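Step one of this worksheet: look at the structure below.
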Amino acid sequence: MARVTVIGVGFGGMKAVREIRRQVPDAQITVVAPRPELLYYPSLVGIPVGATTPDDVRIDVRDFLARHDVDFAPAVVTGLDEAGRRVLTDQGEIANDALVIASGAGSLARLPGLEHTHPLCEGPDAAARIREGLAALDHGTIAFGFAGHPDEPAAARGGPVFEVLLSVDTQLRREGRRSQFELVFFHASTEPGSRLGERAVRRVMDEMGRRDIHAHLGEPLRGFTPERVLTAAGEIPADLIVFVPGMEGPAWARDTGLPLSPGGFIRADRSCRVLGHPGVFVVGDAGAYAGAADWLPKQGHAAELQAVAAGRNVASYLAGRPANGTFREELVCIIDALDTGILVYRTARVARAWSSPAWRLAKHALEARTRRAYGAGRRAGAGPVD
Ligand SMILES: Cc1cc2nc3c(=O)[nH]c(=O)nc-3n(C[C@H](O)[C@H](O)[C@H](O)COP(=O)(O)OP(=O)(O)OC[C@H]3O[C@@H](n4cnc5c(N)ncnc54)[C@H](O)[C@@H]3O)c2cc1C
């Protein structure tokens, strides 16, 4: 019986498990992650404005894994041995015949004064602290920004920052407090979020203008103090700073001998095969995919498309067939502004953006679908997840 190990229970890991079980019904599948909990990040942006709670973001995947006869190993992966055939963890080793890495990305901590910012993407608790920070202010300036990796600019997370910025604007208006606040956006480039496509960036920037949000663009970041964003062009006074640093590859992979991109992401081809490591695949945020479009986002949707390709390729690899299926290159993103939504869609042929409140409903439907698929209706907060 073939042994397959999957690292991570995020979008990529869960979709890979599903596809591998479908393709290789008798495989012995083991999933490794610290907790059997999928963090549904798209709902995280609702926490600062009270639209969602930390429990809404956590999906307990234990029922799903049991239903699919998958072993869960609660552990933190620390490295690999034998070119990936053994996974090293803080709880021991796991041998495999094929490995899928879906451990997500890390966050770059290089800018001085980062401790004075609110890192939205760190998780539900960090997002909840933004909500507390907003509640504690009765007036002032709130600054929002994001950055990329200096050696791999594509490693950036801009969409959630646009979402939380527009949502905070809407929420403050609903509370009748907007006139007491100045909202500002800062970014080192003049075209923030350009992977969304020119039209989408224009639409988001127009939306900011319409809402009287001042944008500081083309000002390289120097760091932060408790009350200021420091840029090459000067200082932006701020009472609350929401900032998403650039992304970097998974820290555990650094000394494994896996091939890494300048930003530390695991190098693979468009079949998710890690270069020079037969039987080792990577999906989602952890990977850098040679030959893929330069606008390809690090996104849940992309992670799922990659996981389907990787799952099929695992089956081919185990059967001794060519494991060369590729993933579809597609960007689908809904920027939820609480009162409206912006749908961004991009492929090799089209790059479009549409605004409508209906896209918000679509976003909620996607969340419900994911919860149904992996959560069996059980919220992670409903019982102990050890
Ligand atoms: C605030 C926010 C909003 C977003 N909104 C959207 C959106 O609207 N649409 C969209 O498509 N994408 C969105 N994204 C991006 C999306 O969430 C990510 O691209 C996606 O989660 C990547 O999936 P992944 O499986 O690669 O990694 P992750 O989801 O990060 O999962 C990584 C998994 O690996 C585990 N892991 C990590 N390190 C180890 C280790 N050493 N050992 C064992 N396990 C480990 C983690 O516990 C986790 O289970 C958003 C992201 C954020 C932060």
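Residues in the stretch 243-265 that are assigned to a strand (DSSP E or B) and within 11 Å of the ligand (Cβ to nearest atom) were compared, and the one that is surrounded by the most Cβ atoms within 10 Å (Cβ to Cβ) is MET247.
Determine if the stretch 34-41 includes at least one residue that is modelled with pLDDT under 95, among the acidic types (Asp, Glu), in the same structural domain as VAL314 (by TED's automatic domain parsing) and outside any loop (DSSP other than H, G, I, E, B). Within the stretch 34-41, not a single residue is modelled with pLDDT under 95, among the acidic types (Asp, Glu), in the same structural domain as VAL314 (by TED's automatic domain parsing) and outside any loop (DSSP other than H, G, I, E, B). Just one residue in the set ASP169, ASP138 is among the charged types (D, E, K, R), surrounded by 16 or more Cβ atoms within 10 Å (Cβ to Cβ) and either over 26 Å from the mean Cα position of the chain (by Cα) or modelled with pLDDT of 95 or more (or both); that residue is ASP169. If the condition is being touching a Ser or Thr at 6+ places or on another chain (Cβ under 9 Å) and either among the hydrophobic types (A, V, I, L, M, F, W, C) or farther than 30 Å from GLY223 by Cβ (or both), then the stretch 102-122 contributes LEU111, CYS121. Taken over the stretch 180-197, the criterion of being outside any loop (DSSP other than H, G, I, E, B) and under 14 Å from GLY158 (Cβ atoms) is satisfied by PHE185, PHE186, HIS187, SER194, ARG195, LEU196. Comparison of ALA315, ALA286 shows that the only residue that is surrounded by 20 or more Cβ atoms within 10 Å (Cβ to Cβ) and closer than 22 Å to GLY104 by Cβ is ALA286.
Rundown of residues vs (1) of a type in the set (Gly, Ala, Ser); (2) under 21 Å from ASP169 (Cβ atoms); (3) out of contact with any Leu (no Cβ under 9 Å at 6 or more places or on another chain); (4) assigned to a strand (DSSP E or B), yes/no style:
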{"position": "VAL201", "(1), (2), (3), (4)": "no, yes, yes, no"}
{"position": "MET205", "(1), (2), (3), (4)": "no, yes, no, no"}
{"position": "MET208", "(1), (2), (3), (4)": "no, yes, no, no"}
{"position": "HIS216", "(1), (2), (3), (4)": "no, yes, yes, yes"}
{"position": "GLY223", "(1), (2), (3), (4)": "yes, no, no, yes"}
{"position": "GLU235", "(1), (2), (3), (4)": "no, no, yes, yes"}
{"position": "ILE241", "(1), (2), (3), (4)": "no, yes, yes, yes"}
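Residue count for the stretch 326-342 under the criterion of being within 11 Å of the ligand (Cβ to nearest atom) and assigned to a strand (DSSP E or B): the result is 7.
Here ALA215 passes the criteria (1) within 25 Å of ALA154 (Cβ to Cβ); (2) touching a residue at least 60 places away in the same chain (Cβ under 8 Å); (3) not basic (Lys, Arg) except the one numbered (2).
Under the condition of being away from the ligand (no atom under 12 Å from the Cβ) and touching a residue at least 24 places away in the same chain (Cβ under 8 Å), which residue from the stretch 290-312 is surrounded by the most Cβ atoms within 10 Å (Cβ to Cβ)? Across the stretch 290-312, the extreme among qualifying residues is GLY311. Among the residues of the stretch 62-117, the ones that are exposed (fewer than 14 other Cβ atoms within 10 Å of the Cβ), in a strand (DSSP E or B) and either of a type in the set (A, V, I, L, M) or at pLDDT below 95 (or both) come to 1 in all.
The values are calculated or read from the model by the stated rules, or taken from the named source; none is laboratory data. Just so you know, these numbers come straight off a predicted model, no measurement behind them. Cβ: placed from backbone, ideal geometry, glycine included. Neighbour counts: every protein chain shown.
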